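Working notes, structure below.
The values are calculated or read from the model by the stated rules, or taken from the named source; none is laboratory data. What you see is a predicted model, and the numbers here were worked out from it, not measured in a lab. Ideal geometry is used to build each Cβ from the backbone, glycine not excepted, and the neighbour counts take in all protein chains shown. These accessible areas exclude ligands, DNA and RNA; they are computed on the full protein's heavy atoms, side chains included. Shrake-Rupley method; radii C 1.70, N 1.55, O 1.52, S 1.80 Å.
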Amino acid sequence: MAQPGSVSAQGGTDPADRLLTIPNVLSVLRLAGVPLFLWLLLGPKADGWALVVLAASAITDWLDGKLARWLNQASRLGALLDPAADRLYVFSTLVAFVVRDIIPWWIAAVLIGREVVVGAFLPILRRAGFGPPEVHYLGKAATFCLLYAFPLLLLAQGGSTAAQLARPFAYAFTAWGGVLYLWSAALYVYQALRAVRGGGGRRAGNA
């Protein structure tokens, strides 16, 4: 695998080492939106604007992956920024929803605990000579469900007709997202343990 700043066989910089790409710019913008999103939820409680930020995040999440493939601008930095933005949105939303009593604390504890467990395996993999895992389709599906669940949970607050219509969909997406989130973590842990023990090939499996 080429190192950062390495030169390709054609004499140019390895495309995977590029920093300034359109997908990376979109991922940075998504990351910059996290504190704004959290402030909107907890400060003025401007749920409408918070939904706009969350929707923009979901659109750019889809768009940066598409552009990375269409423009051949996939990079190692992008592979780190994309899941980092997803996790920060999930984490910040869970914290805000617990503070505002939108979800019970134990749901947030389970989902955040998932991240703690997965994160604990990163240094173990690194010591064994493996890099961080690539994003698995189960993890992306879980994030997709949760990012749909969060705005629906906001809409489900109150006794309006819109809230009553949004409530079953909000609970369904939350349940599916939570199950897939834990499932992807269990798969990651299993494959990481196999890799560390020498039974998983050259690198850990995806999660």
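Fully extending the segment from R194 to A55, taken as 0.36 nm per residue of separation minus the present Cα-Cα distance, adds 46.3 nm.
Under the rule a/c < 1.5 gives rounded, and otherwise a/b versus b/c splits prolate from oblate, where does the range 19-102 land using the Cα gyration tensor? Walk me through the numbers on the way to the answer.
On the way: a/c = 2.94, a/b = 2.35, b/c = 1.25.
The shape class here is prolate.
Computed over protein heavy atoms with a 1.4 Å probe, the accessible surface of the range 90-149 works out to 52 Å² per residue. Note on K45/V116: beta-carbon distance plugged into 1/(1 + (r/R0)^6) with R0 of 30 Å gives a FRET efficiency of 0.60.
Ligands, DNA and RNA left out, the 1.4 Å accessible surface of the chain is 70% carbon and sulfur atoms. As a length-normalised measure over Cα pairs under 8 Å and 6 or more apart, the relative contact order of the chain settles at 18 percent. Which angle between 0 and 90 degrees, to the nearest 10, do you get for helix 105-127 versus the longest principal axis of the chain when only C-alpha atoms count? With both axes taken from Cα atoms, the answer is about 10 degrees.
Of the peptides 91-97, 46-52, how do they stack up when ordered by the mean number of other Cβ atoms within 10 Å, highest first?
Values: 91-97: 19.7, 46-52: 15.3.
So the order, starting with the most tightly packed, is 91-97, 46-52.
Where does the chain land at 222 nm, in deg cm²/dmol rounded to the nearest 500, when only DSSP H runs of n ≥ 4 count, each adding -39500 (n - 2.57), divided by all residues? Before the final figure, lay out each step's value.
Working: 6 runs with 147 residues, N = 207.
Using -39500 (n - 2.57) per qualifying helix, the result is -25000 deg cm²/dmol.
Between A163 and A128, the modelled labels are 4.9 nm apart [label points 7 Å from Cα along Cα→Cβ]. The angle separating the long axis of helix 47-70 from the principal Cα axis of greatest extent in the chain is about 20 degrees.
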